[in-house]
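Peer 1: Below you will find the structure I want to go over with you.
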Amino acid sequence: MAKVRDYSKLAHDILREVGGEDNLVSINRCATRLRLVLKEIPEHAVEHVKQLPGVITVVLGAGQFQVVIGTHVGDVFQTLTGMVDASLMANAESPKQGILDSVISAMAAIFAPIIYVLAAAGILQGGLILAKLAFPSFTTTGAFGILNFISWTPFTFLPVFIGFTAAKHFKCNPFIAVFCCCALINPEWAKMAAQIASGSNISFAGLPLAKTVYNASVLPPIFLVWALSYVERFACRILPDVVTALFSPLICVVIMVPLTLVIIGPVTTDAAGWIAHGYNWLYDLFPPLAAAVIGGVWQIIVIFGVHWGITPVVLANFQVYGHDSFQAFQTIAVIGQMAAAFACAIRSKNTELKTTGFSAGVTGIFGITEPAIYGVTLRLKKPFICGCIGGSIGAIVTSLFGSYYYIYAGLPGILTMVNAISSENPSSFIGEVAGAAVCIIVTFILVFWVGFDDPIEDNATDEAKNGSASDASDASPVLGATQEGATLLSPVAGEFIPLEKVNDEIFSQKMLGDGIAIIPSTGVIQAPYDAEISSVIESQHAVGLTLANGAELLIHIGLDTVNLNGQHFQAVVKEGQKVKAGDDLILFEIDDVLAAGYDITTPILVINNDQYKVALLEHDETIALGQPILHIAC
């Protein structure tokens, strides 16, 4: 299947807009996001990256510049990492972050690269659970035994996975980190720990060793590698270059492994236990309240990209208790947005929204909700709230059955509900299914009842779909005004301002016509529709267009900018020229116009609005280039 976008080009465009490789501190990715740590965020970088084809949105959170791309993030990440010099990033000084931002950033960098491995293992474990229920004798076969130990392998050796990814984040040698973490799960240490547990006293250099074992542990390897990054830098600084490669690993492992077994391991293991106890104490106070909060708020947390911060809590629950309630409710929250996307697709009459909704809904089945959130539900606002309400109510129902997850789910969703199956708690799976069903039903009812502003579709959309453009994602819109109307696209990116608030009564009182105003963030004005240029003002700060249905448009850059006599403006079209939606009309220097003391608020008007119905489409305060903004109907 051919790719619908040039993701290699997208990687180059993103790197350019964020200031090039000299401005990069680190590059990571998760299931749907490119996570960049920048020395500084260039002005207008957020707006410019949002406008790139293939980018869903940009989120600033956890000290990161997060580019939400969707399931093709791996293509962009692979290209981007091949473009930059890793040594430059290794030596780059990270910007100062708050403690919370630093923790969340670390969790994302450590767990995002391995989440699909853990998810695959969890799905295999879920499949084996179903196989045992359907065919009890299957558990006695060699096939079951092999598949079973395969499914547990990533969790048994989790410290090794963590050691490798943590080394990249803390900028130390990943092979030394893996060496140290492998020592923690060496079977010989397990034997020694068992002897200590049975009453034997074993010490290292006079310091007593604890009985802690580290298979499937989370915090001990993270803190080991964090401390290792300082020890390694110290070793490299004091050792002669000729022996550094040999003796640096030796010094590191001889210091870090015993230090972890004596201090770091027991302390962080106890801390993980207290974290798990703390969450479960809060949960036990009133389970429905905890469920309602997690089911209703989780997807809001996802929006800001800080959801990785909960991972140690969840894994600590599995390590200490063997089960976890958080993921049981998290699953219902995911199902809420999945259902909302499907409901929008079914209810909408817009072909593009239907396609996007169904596609995002299918992605949600696999536990990835960013395409549903940014592509459908949050964009339409009300469906997102409906999904959160459905998730909250569904999670409450789940809590009433005492449901838990007994197997870790890398990407919780409708496919991982089998992780709630337990022979010791039969009602657990029933509650998960009941909560999911209630969530889906409530979400669908709310979306259909509350509704949303369905984007108006032009007749020409069908024509474009049937072959007028070979690649709809990259091509400019093919639009032709009809008697039924036309939907105008934003000719410039920037901040929305109601026409009534424009600081010029000629525009605010709609003396010249009805429409919208935008405070531009870029210096390019593009055609909002297929049209003919009817006029280009001599001072080049305004342009008139006529659509095929006779609607006459005026795009006026700034207030009183006629006094600049064309300085800082360059019209790239001429009167009588035919243009397509997305064609450049005028280029101008924003900073120079502002420095000259002029307001750059740009009205976009339908000047013969007495002959048409002009409707403002729903949008956020920030408007992207090419975003639908007005509908003109005869």
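Peer 1: With the condition being modelled with pLDDT of 90 or more, I'd like the helices (runs of 4 or more DSSP H) fully within the range 91-196 carrying at least 1 qualifying residues.
Peer 2: Values: elements: 99-111, 115-134, 142-156, 158-170, 174-184.
Where helices (runs of 4 or more DSSP H) fall fully within the range 91-196 and carry at least 1 residues being modelled with pLDDT of 90 or more, they are 142-156, 158-170, 174-184.
Peer 1: Which ones in the range 224-246 are surrounded by 15 or more Cβ atoms within 10 Å (Cβ to Cβ), in a helix (DSSP H, G or I) and among the hydrophobic types (A, V, I, L, M, F, W, C)?
Peer 2: Leu224, Val225, Trp226, Ala227, Leu228, Val231, Ala235, Cys236
Peer 1: Out of (1) closer than 19 Å to Val418 by Cβ; (2) crowded, with 20+ Cβ neighbours inside 10 Å, what's the single condition that is false for Thr139?
Peer 2: Every listed condition holds for Thr139 apart from (2).
Peer 1: Only residues that are buried (at least 16 other Cβ atoms within 10 Å of the Cβ) and among the β-branched types (Val, Ile, Thr): list them for the range 148-191, please.
Peer 2: Within the range 148-191, Val160, Ile162, Thr165, Ile176, Val178, Ile185 meet the criteria.
Peer 1: Please specify each residue of the range 318-336 satisfying the condition of being under 16 Å from Thr398 (Cβ atoms) and part of a helix (DSSP H, G or I).
Peer 2: Step one: list which residues in the range 318-336 are under 16 Å from Thr398 (Cβ atoms), which gives 323-336.
Listed by number, the residues that qualify are Phe326, Gln327, Ala328, Phe329, Gln330, Thr331, Ile332, Ala333, Val334, Ile335, Gly336.
Peer 1: For the range 391-420, what are the residues that are assigned to a helix (DSSP H, G or I), open to solvent by less than 20 Å² (accessible area, probe 1.4 Å) and within 15 Å of Val334 (Cβ to Cβ)? Working first, answer last.
Peer 2: As a first pass, look at the range 391-420 and keep what is assigned to a helix (DSSP H, G or I): 391-400, 414-420.
Okay, now just the ones that are also open to solvent by less than 20 Å² (accessible area, probe 1.4 Å), so 391, 394-395, 398-399, 416, 419-420.
Gly391, Gly394, Ala395, Thr398, Thr416, Asn419, Ala420, listed by residue number.
Peer 1: Could you list, in sequence order, the residues of the range 521-532 that are within 22 Å of His631 (Cβ to Cβ) and either out of contact with any Pro (no Cβ under 6 Å at 6 or more places or on another chain) or not β-branched (Val, Ile, Thr) (or both)?
Peer 2: In the first step, residues of the range 521-532 are kept if they are within 22 Å of His631 (Cβ to Cβ); the result is 525-532.
Matches in the range 521-532: Gln526, Ala527, Pro528, Tyr529, Asp530, Ala531, Glu532.
Peer 1: Then there is this: If you check Ile263 against the conditions, is it among the β-branched types (Val, Ile, Thr), out of contact with any helix residue (DSSP H, G or I) (no Cβ under 6 Å at 6 or more places or on another chain) and either at positive phi or outside any loop (DSSP other than H, G, I, E, B) (or both)?
Peer 2: Numbers: among the β-branched types (Val, Ile, Thr): yes; out of contact with any helix residue (DSSP H, G or I) (no Cβ under 6 Å at 6 or more places or on another chain): yes; either at positive phi or outside any loop (DSSP other than H, G, I, E, B) (or both): yes.
In short, yes.
Peer 1: Could you say whether any residue in the range 525-536 is in the same structural domain as Asp592 (by the TED database), in contact (Cβ under 8 Å) with a residue 60 or more places away in the chain, among the hydroxyl-bearing types (Ser, Thr, Tyr) and within 18 Å of Gly558 (Cβ to Cβ)? Steps first, answer last, please.
Peer 2: Step one: of the range 525-536, the residues in the same structural domain as Asp592 (by the TED database) are 525-536.
Still in the list and also in contact (Cβ under 8 Å) with a residue 60 or more places away in the chain: 525-526, 528.
Checking which are among the hydroxyl-bearing types (Ser, Thr, Tyr) leaves us with none.
The answer is no; no qualifying residue exists.
Peer 1: Look through the range 1-27, keep the residues that are modelled with pLDDT under 80 and under 19 Å from Thr57 (Cβ atoms), and return whichever of them is least open to solvent (accessible area, probe 1.4 Å).
Peer 2: Taking the candidates together, the pick is Tyr7.
Peer 1: For the range 342-360, check the following and say yes or no: at least one residue is under 24 Å from Asn317 (Cβ atoms), touching a residue at least 12 places away in the same chain (Cβ under 8 Å), open to solvent by 10 Å² or more (accessible area, probe 1.4 Å) and in contact with a helix residue (DSSP H, G or I) (Cβ under 6 Å, 6 or more places away or on another chain). Write out each step before concluding.
Peer 2: Step one: of the range 342-360, the residues under 24 Å from Asn317 (Cβ atoms) are none.
No: zero hits.
Peer 1: Quick one: how many residues across the range 36-64 are in contact with a Lys or Arg (Cβ under 6 Å, 6 or more places away or on another chain) and closer than 18 Å to Lys168 by Cβ?
Peer 2: So the count comes out to 1.
Peer 1: Name the one entry in Ala271, Ala276, Ala292 that is assigned by the TED database to the domain that holds Gly394 and part of a helix (DSSP H, G or I).
Peer 2: Details: Ala271 fails: assigned by the TED database to the domain that holds Gly394; Ala276 fails: assigned by the TED database to the domain that holds Gly394.
Going through Ala271, Ala276, Ala292 in turn, the sole match is Ala292.
Peer 1: Being over 25 Å from the mean Cα position of the chain (by Cα) and not in a strand (DSSP E or B) is the filter here, so list the residues in the range 621-634 that pass it. Steps first, answer last, please.
Peer 2: Start the filter on the range 621-634 by keeping residues that are over 25 Å from the mean Cα position of the chain (by Cα), which leaves 629-634.
Cys634, the sole residue that qualifies.
Peer 1: Sticking with this structure for a sec: Residue by residue through the range 362-390, note down the ones that are assigned to a helix (DSSP H, G or I) and of a type in the set (Gly, Ala, Ser). Lay out the reasoning, then the answer.
Peer 2: Quick first cut of the range 362-390, residues assigned to a helix (DSSP H, G or I) only: 362-365, 370-380, 382-390.
Matches in the range 362-390: Gly364, Ala372, Gly375, Gly387, Gly390.
Peer 1: Among the residues of the range 440-454, is there at least one that is charged (D, E, K, R), buried (at least 16 other Cβ atoms within 10 Å of the Cβ) and either assigned to a helix (DSSP H, G or I) or at pLDDT below 95 (or both)? Explain how you work it out, then say what you get.
Peer 2: Taking the range 440-454 first, the residues charged (D, E, K, R) are 453-454.
From what's left, buried (at least 16 other Cβ atoms within 10 Å of the Cβ): none.
No: the range 440-454 contains no residue that is charged (D, E, K, R), buried (at least 16 other Cβ atoms within 10 Å of the Cβ) and either assigned to a helix (DSSP H, G or I) or at pLDDT below 95 (or both).
The values are calculated or read from the model by the stated rules, or taken from the named source; none is laboratory data. Quantities reported herein were computed from a predicted structural model and do not represent experimental measurements. Backbone-built Cβ (ideal geometry, glycine too); neighbour counts: all protein chains shown. Note: areas computed on protein heavy atoms with side chains; ligands, DNA, RNA excluded. Shrake-Rupley method; radii C 1.70, N 1.55, O 1.52, S 1.80 Å.
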